[in-house]
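Written below as C-alpha cells is the structure these notes are about.
The values are calculated or read from the model by the stated rules, or taken from the named source; none is laboratory data. Only a predicted model underlies this, so the values are computations on that prediction, with no experimental measurement involved. Here Cβ is always computed from backbone atoms with ideal geometry, including for glycine, and neighbour counts include all displayed protein chains.
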Amino acid sequence: MTTLTAPLPVDPSAVRQRALLDAQRAAFLAEGPPALDVRLDRIDRFLACVLEHTEELCVALDADFGSRPLLANLASDIVGVIPDVQLIRRHLAEWMADEEIPGSAEAGTPAFVQTRPKGVVGVIGPWNFPVTLVVQPAIEALGAGNRVMIKFSEVAERTAEVFARAVATRMDPEEVVVVRGGVVTASAFSALPFDHLIFTGSPGVGAKVAEAAGANLVPVTLELGGKNPVVLGSDADLGLAAERVAAMRLMNGGQICLCPDYVFVPRARVDDFVTRYERSVRSYFPTWLDNPNVVSIVDDRNFDRVTGLIADAEAKGARVRTVAPPEEAGALPRRAGRRIAPTVLLDVTEDMAIASEEIFGPVLVVYPYDELDEVITYVAARPSPLAAYFFGSDGPEFRRFVERTTSGGVTRNDLAAHWGVEGAPSGGIGRSGMGAYHGRTGFRTFSHRRTIAASTTGTGLAQRLLPPAGEAEAEALRGFVAQTLTDLRARINGA
C-alpha cells in the first residue's frame, strides 16, 4: 500500500476528482479481482474507521443537526451497519463462487456464471443519515471487490470532516477516498466515468445525478424518497397504529425517506385515530421546545420549506392541529434551534403543496376513506413510494392493497420493518428510485456477472448457419417453428 494521505480539502476540483478516480482504476487494474481475504480485510479496516471514531462522529452529528441525541446517532449512523458486515463476512466466499448453469453441459455447451468486481464505485450520500448511508453501500462495494470514492453530504459539514479524517487513518486513497464539498463538487462527482454510481437523496437531485451519469453510460442505483402512505384497514388496532406511526414520523425529526407522509383512516375512526396519535406524540415528547431528545430540522432552508408547507395548507383551508404543550404552542415554530412542533393536517386537498411534496419533517396528513378501493386508486395513480404501510390483519384487504399498488417495500402493522430484514433487498421504483442493494443484492449490484461457456459439439454454432450444413439446419428450424405454432394454437384454443 502507498502512504496514507490527509483528508481532501473542501471543494476539490473536477480535475482533482478525476485524478483520484484514475488512481483507483489503475490500482484496480493492476491488482485484478481481489481475493477473499483482501476483501474482508478492507471491509474490516473500513468499519474500524467508523467505530474507532464513534464519539467524534456523534458529537459532529449533534452539531450539524443542531440537536440530535446520542441514541439516535448511535442507532442510525454507527451501529446499523454492523449487521451488514457480519452478513457479508458469513457469505462472501459463497457469493464469489462461480455458478454452473444447470443443463448447459447436457446441451453440449457447459457454462458457468462468473462474478467479477466492476472497478470503481462512486457513492453519493444524503444528509439525513450521512454516515450509515455511505458506509453501507461502500462496504457492499468493497465486498464485491471494488475501489470506492465517497461524496459526503456538504450539509453535514462537521461530520464530513471527521469522517474523511477517520477513513484516511486506515484506508489507502486507492482503496477508499472521501470527497467533500458543495454543489459544484457534487456535480463534478456525478459526471465522473465510474463503473457504478449509487445516490441516496431526493428524486429531483437523483434525476440530475442520473442524467450526468448517463453521459458516460454509468449504471446507477438511486435510493430516493416519496410520499409514503399508511392505510388503516377496517380491523386495524388504532392504538398500535397511532403509537407506531407517531414514533416513525418523529424519528430523526421526521427526516427519513421511509417516514409516513399520510394516513388513510376509515371515516368513522378518524377522530379516534387523531386523538390517539396526539396522545402518542405527547408520550414520546411531553415537551418539544427545548427537549434535548428532539432532533432539529437540519438547516434553515429545510425549516423554511416545512413551515411553508404547513402555511400553504392552512391558507388553502386545511385544519392544522399543533401537538405541543399549550405553554409552548405560541412559541412554535421557532427558528432558533429549528423547532417545528409535531403537526396533524386534516382536510388537505390536491391544490396544497403538501399533497404532492415529500414532507421530511414532523408533520402528518390524515385522510378519511369510505371504501378501500378509493385508497388503492389514490395510491396507485401517484408516483410509487419508497414504502407503503398497512395496519390490519393479513386478510383480503391487505392482499388487495399489496396486489394493486406498487412501492419499494411494504410493512404490515409497523413501519420500515422491511428495510431492516437481514439480507432483504432495499430499493425504490420509479420516482422513489431504481435498483437495490443490501446483503447479496448489494453484492450483485456492484458486481458484473458474465457467462463463460465452452463447446463440446462436433459443429460450431456459426458453422450450422452456413453452407453446406445450413440447408439442413434451415429445414430443422422450419419444422421447429411449425411445431411450436401448433402447440401455441392448441393452448390459445384451450385444446
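For the range 3-24, indicate whether the set of residues that are among the aliphatic types (A, V, I, L, M), more than 24 Å from Ala166 (Cβ to Cβ) and surrounded by 14 or more Cβ atoms within 10 Å (Cβ to Cβ) is non-empty. Show your work before the answer.
Start the filter on the range 3-24 by keeping residues that are among the aliphatic types (A, V, I, L, M), which leaves 4, 6, 8, 10, 14-15, 19-21, 23.
So of that shortlist, the ones also more than 24 Å from Ala166 (Cβ to Cβ) come out as 14-15.
From the residues that got through so far, the ones that are surrounded by 14 or more Cβ atoms within 10 Å (Cβ to Cβ) too are 14.
Yes, the conditions are met somewhere in the range 3-24.
For the range 296-323, enumerate the residues that are out of contact with any Pro (no Cβ under 7 Å at 6 or more places or on another chain) and of a type in the set (A, V, I, L, M, F, W, C).
To start, the set of residues in the range 296-323 that are out of contact with any Pro (no Cβ under 7 Å at 6 or more places or on another chain) comprises 296-306, 308-322.
If the condition is that a residue be out of contact with any Pro (no Cβ under 7 Å at 6 or more places or on another chain) and of a type in the set (A, V, I, L, M, F, W, C), then Ile297, Val298, Phe303, Val306, Leu309, Ile310, Ala311, Ala313, Ala315, Ala318, Val320 are the ones that fit.
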Thr307: of a type in the set (Ser, Thr, Tyr) and more than 16 Å from Val281 (Cβ to Cβ), yes or no?
-> yes
Just one of the numbered conditions (1) modelled with pLDDT of 95 or more; (2) over 30 Å from Ser234 (Cβ atoms); (3) not assigned by TED's automatic domain parsing to the domain that holds Ser76 is not true of Arg444; which one?
-> (3)
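Would you please name the residue that is modelled with the lowest pLDDT, looking only at residues in the range 421-437 that are small (Gly, Ala, Ser) and within 15 Å of Ile198 (Cα to Cα)? Reasoning before the result, please.
At the first step, the residues of the range 421-437 found to be small (Gly, Ala, Ser) are 423-424, 426-428, 430, 432-433, 435-436.
The next check asks that each one be within 15 Å of Ile198 (Cα to Cα); those that pass are 426-428, 432-433, 435-436.
Values: Ser426: 92, Gly427: 95, Gly428: 95, Ser432: 96, Gly433: 96, Gly435: 96, Ala436: 95.
Of everything passing the filter in the range 421-437, Ser426 is modelled with the lowest pLDDT.
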Looking at (1) closer than 25 Å to Gln86 by Cα; (2) surrounded by 24 or more Cβ atoms within 10 Å (Cβ to Cβ), can you tell me which one Gly119 breaks?
-> (2)
Would you check which residues across the range 285-312 are buried (at least 17 other Cβ atoms within 10 Å of the Cβ) and of a type in the set (Ser, Thr, Tyr) and list them?
-> Ser296, Thr307
So Arg431 fits all but one of (1) charged (D, E, K, R); (2) over 15 Å from the mean Cα position of the chain (by Cα); (3) within 30 Å of Leu142 (Cα to Cα); what number is the exception?
-> (2)
So Asp347, is it of a type in the set (D, E, K, R) and out of contact with any Lys or Arg (no Cβ under 7 Å at 6 or more places or on another chain) = no
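Yes/no per residue for (1) assigned by TED's automatic domain parsing to the domain that holds Ala63; (2) buried (at least 24 other Cβ atoms within 10 Å of the Cβ); (3) part of a loop (DSSP other than H, G, I, E, B); (4) free of Cβ contacts under 8 Å to residues at least 12 places away in the same chain:
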| residue | (1), (2), (3), (4) |
| --- | --- |
| Glu161 | yes, no, no, no |
| Phe199 | yes, yes, no, no |
| Gly204 | yes, no, no, yes |
| Ala213 | yes, no, no, no |
| Val218 | yes, no, yes, no |
Hey, among the residues in the range 163-189 that are assigned to a helix (DSSP H, G or I) and in contact with a strand residue (DSSP E or B) (Cβ under 7 Å, 6 or more places away or on another chain), which one's surrounded by the fewest Cβ atoms within 10 Å (Cβ to Cβ)?
-> Ala164
Picking from Phe28, Phe65, Phe46, which residue would you name as being under 26 Å from Val421 (Cα atoms), surrounded by 17 or more Cβ atoms within 10 Å (Cβ to Cβ) and at pLDDT 95 or above?
-> Phe46
Does Pro102 count as in contact (Cβ under 8 Å) with a residue 12 or more places away in the chain and of a type outside the set (S, T, N, Q)?
-> no
Scope the range 202-223; condition modelled with pLDDT of 95 or more and either under 11 Å from the mean Cα position of the chain (by Cα) or of a type in the set (Phe, Trp, Tyr) (or both); matching residues | Thr221, Leu222, Glu223
Among the residues of the range 143-180, write down those that are over 22 Å from the mean Cα position of the chain (by Cα) and farther than 15 Å from Leu47 by Cα.
-> Arg158, Glu161, Pro173, Glu174
So how many residues does the range 418-445 have that are farther than 25 Å from Val79 by Cα and in a helix (DSSP H, G or I)?
-> 3
